[in-house]
Amino acid sequence: MSTTYDVINPATETIVTTIEHYDLAATDATIEKAAKAFETWRNVTPADRGAYLRRFAAVVASHKEELAALEIANSGHTRGNALWEVDNVVNVLTYYSAAPERLFGKQIPVAGGVDITFKEPLGVVGVIVPWNFPMPIAGWGFAPALAAGNTVVLKPAEYTPLTAMKLGEYALEAGLPDGVFNVLPGKGSIVGNRFVTHPAVRKVVFTGSTEVGKAIMAGCADQVKRVTLELGGKSSNIIFADADIAKAAASAPGSVFDNAGQDCCARTRILVERSAFDTFMEHFEIAVKKFRVEDPSLATADMGPLISRKQFDVVQTFLDEPIAFTGSAPTGPGFWMAPTVLMPKNVQARSWREEVFGPVVSVMAFDDEAQGIAMANDSEYGLSGSIWTRDVGRALRVSRAIETGNLSVNSNSSVRYSTPFGGFKQSGLGRELGPDALDSFTEVKNVFISND
Ligand code: NAD
C-alpha cells in the first residue's frame, strides 16, 4: 500500500481522515485471497449462507448512526438521505439473504433420462462504485453476489471510501469468513482496472460514467468477462396539463436536486404541456425557493454541497442558457451551489442534452403527447423518468413509449430494492436489484442424467 489519500468533507473543505490506497501488489494479493475463499464460500449450505447475510445486515443496522454520520462527513449527504442509505444496505442484504435457498434450477422433460439445470456462482466478482451513492450502490453489487455464492472485491470511489471500508469491517464482525468480502480503496486506473484485467475476477459490476463504463466493457471483452454497467442518465419529468400540477411542481425539486443533483436518476429535463406551463412554473418557483440547502447534518436539510471543487467547476459550465430562477445556498467554505432552473432556448443546448450531475434543471414546453415522447426520447441515455397525468390510458401509452429502464407515474421514486433497476441505451447493460439480479451473478449449468 504505497500512497495516502486525504478524504475531504465537502461541506467544510476540511480533512476528515487520511487513508492508504491499495497498490497493484496489494490488489493482486486480495484478489487471490478472494479466489481462495471462493472455494469454501461456494460450498457453505444455502441456509447458512442466508444466515451469514442476515447477521451482516444486523451488524450494519446496529451501526446505523455511525455509518450515517460518516456519510454526512465524507459525502455531504443530508442526514435524511444518509439514514435511508444505511437502511437500504440492510434491506438489500436481508432481501438477498432469502436467495440462497431459492436459487432454483429447472427440470426439463427430455428423452432417455432427466435434465436439470443449476445456477452456479461465477467466482470472484469485482464491484466498482462511484462517489454519488457510496453505500447503496455497493450493496446492490455485493449482496446478490455473495448470496449467489461468489466472493467479492469492492473498490469505492476515491472521494468516498469511508462507509465502504466500515462495511468491510462489519462483514468480518458478522462472522463472514476472511476473504469473502474485501474492500480495496484506491485509484480506478490501478485497483479498478485490475478487476478488469485479473483473470481470477470473473465478473465486473461497474457503476459510474458512461465514458469509463465503455472502456471497462471493452477491457472485459478480452477475457469474455461478464459485466453489468449502470451508467449516466438524462431523465425527463413529463407533466401533462390534466395532472395535479401543484403536486407535480411541489415534488419536482426533490426529483432533480436530491443529493445536489448528483444522481444518475435526476430528472434534469422537465417537460410541461404548454397549456399548464405558467401554472407549473409559479408553483415550481415556490417549491425551489423552499428547498433547504444547508449543513447536511441538520435534520431539516433537503440538500448539501457538491462532492468536490472539481465537480462544482464542471457544473458551472452548464449554466449556458437563460436562468428562470434559483434557490439559495450557504456561502463560505464548502462546495455549495443554489438549485438553478434554466429555460433553454432550444433542444441543442448542452444543459438539455448532457448529464449535469449537479443542481441544475432545464424546463421546456411541449404541445402534445407525441411531441412530449419524442423530446424525452431524444437522448443517448435512458435510465429513469416520471409521467404526471390523471389519464390512465395516457399513463400506459407514454410508459410504453419512453425508452428508459425505470419510470414512475404520478411519483418520482425510481428505486426499490425488490424491483429491477437499470438503463436502456447508453445508460447501462443488465439489471440490478429485484428477483432477477441473481441471474447476473450465476451461470446456468445444464446436466443430463441418463436412465441407463
Ligand atoms: P467515474 O466513471 O469517474 O468513476 C466510477 C468508478 O470507476 C470510481 O470508483 C472510479 O475510481 C472507477 N474508475 C475510474 N476509471 C477507471 C478505470 N479505468 N478502470 C476501472 N475503474 C475506474 O464516475 P463518477 O464520477 O465516480 O460517478 C458519476 C457517474 O456515475 C455519473 O455519470 C452517473 O450518472 C453515474 N452513475 C450511474 C448510476 C446508475 O445506476 N446508472 C448510479 C450512480 C452513478
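The values are calculated or read from the model by the stated rules, or taken from the named source; none is laboratory data. Fair warning: this is a prediction, and the values are worked out from it, not measured in the lab. Backbone-built Cβ (ideal geometry, glycine too); neighbour counts: all protein chains shown. When the accessible area is computed, the model is the full protein with side chains, heavy atoms only, and any ligands, DNA or RNA have been set aside. Shrake-Rupley method; radii C 1.70, N 1.55, O 1.52, S 1.80 Å.
For (1) in contact (Cβ under 8 Å) with a residue 12 or more places away in the chain; (2) open to solvent by 80 Å² or more (accessible area, probe 1.4 Å); (3) assigned to a helix (DSSP H, G or I), each residue gets a yes or a no:
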| residue | (1), (2), (3) |
| --- | --- |
| 27 | yes, no, yes |
| 31 | yes, no, yes |
| 34 | yes, no, yes |
| 37 | yes, no, yes |
| 40 | yes, yes, yes |
| 43 | no, yes, no |
| 50 | yes, no, yes |
| 56 | yes, no, yes |
| 61 | yes, no, yes |
### Task
Would you check which residues across the range 103-128 are open to solvent by less than 10 Å² (accessible area, probe 1.4 Å) and within 14 Å of the ligand (Cβ to nearest atom) and list them?
126, 127
### Query
Give me the pairs: first residue in the range 210-232 and within 25 Å of residue 354 (Cβ to Cβ) and open to solvent by 70 Å² or more (accessible area, probe 1.4 Å), second residue within 12 Å of the ligand (Cβ to nearest atom) and modelled with pLDDT of 95 or more, beta-carbon distance under 6 Å, and six or more apart or on different chains, which are they?
217/227
### Tabulated pairs, the range 186-207, first more than 17 Å from residue 142 (Cβ to Cβ), second near the ligand (Cβ under 9 Å from one of its atoms) and of a type in the set (Gly, Ala, Ser), C-beta under 6 angstrom, 6+ apart or interchain
196/219
### Task
Please determine, by comparing only the residues of the range 189-209 that are open to solvent by less than 30 Å² (accessible area, probe 1.4 Å) and not aliphatic (A, V, I, L, M), which one is farthest from residue 5 (Cα to Cα).
203
### Message
Tell me yes or no: at least one residue of the range 87-98 is part of a loop (DSSP other than H, G, I, E, B) and crowded, with 17+ Cβ neighbours inside 10 Å.
### Response
no
### Task
Could you tell me whether the range 245-254 includes any residue that is over 20 Å from residue 391 (Cα atoms), charged (D, E, K, R) and outside any strand (DSSP E or B)?
no
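Residue by residue, here is whether (1) within 10 Å of the ligand (Cβ to nearest atom); (2) among the hydrophobic types (A, V, I, L, M, F, W, C) holds:
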{"residue": "131", "(1), (2)": "yes, yes"}
{"residue": "145", "(1), (2)": "no, yes"}
{"residue": "149", "(1), (2)": "no, no"}
{"residue": "155", "(1), (2)": "yes, no"}
{"residue": "184", "(1), (2)": "no, yes"}
### Task
Within the range 225-239, count every residue that is of a type in the set (A, V, I, L, M, F, W, C) and more than 10 Å from the ligand (Cβ to nearest atom).
3
### Query
Just for the range 195-224: of the residues that are among the hydrophobic types (A, V, I, L, M, F, W, C) and in a loop (DSSP other than H, G, I, E, B), which one is farthest from the ligand (Cβ to nearest atom)?
224
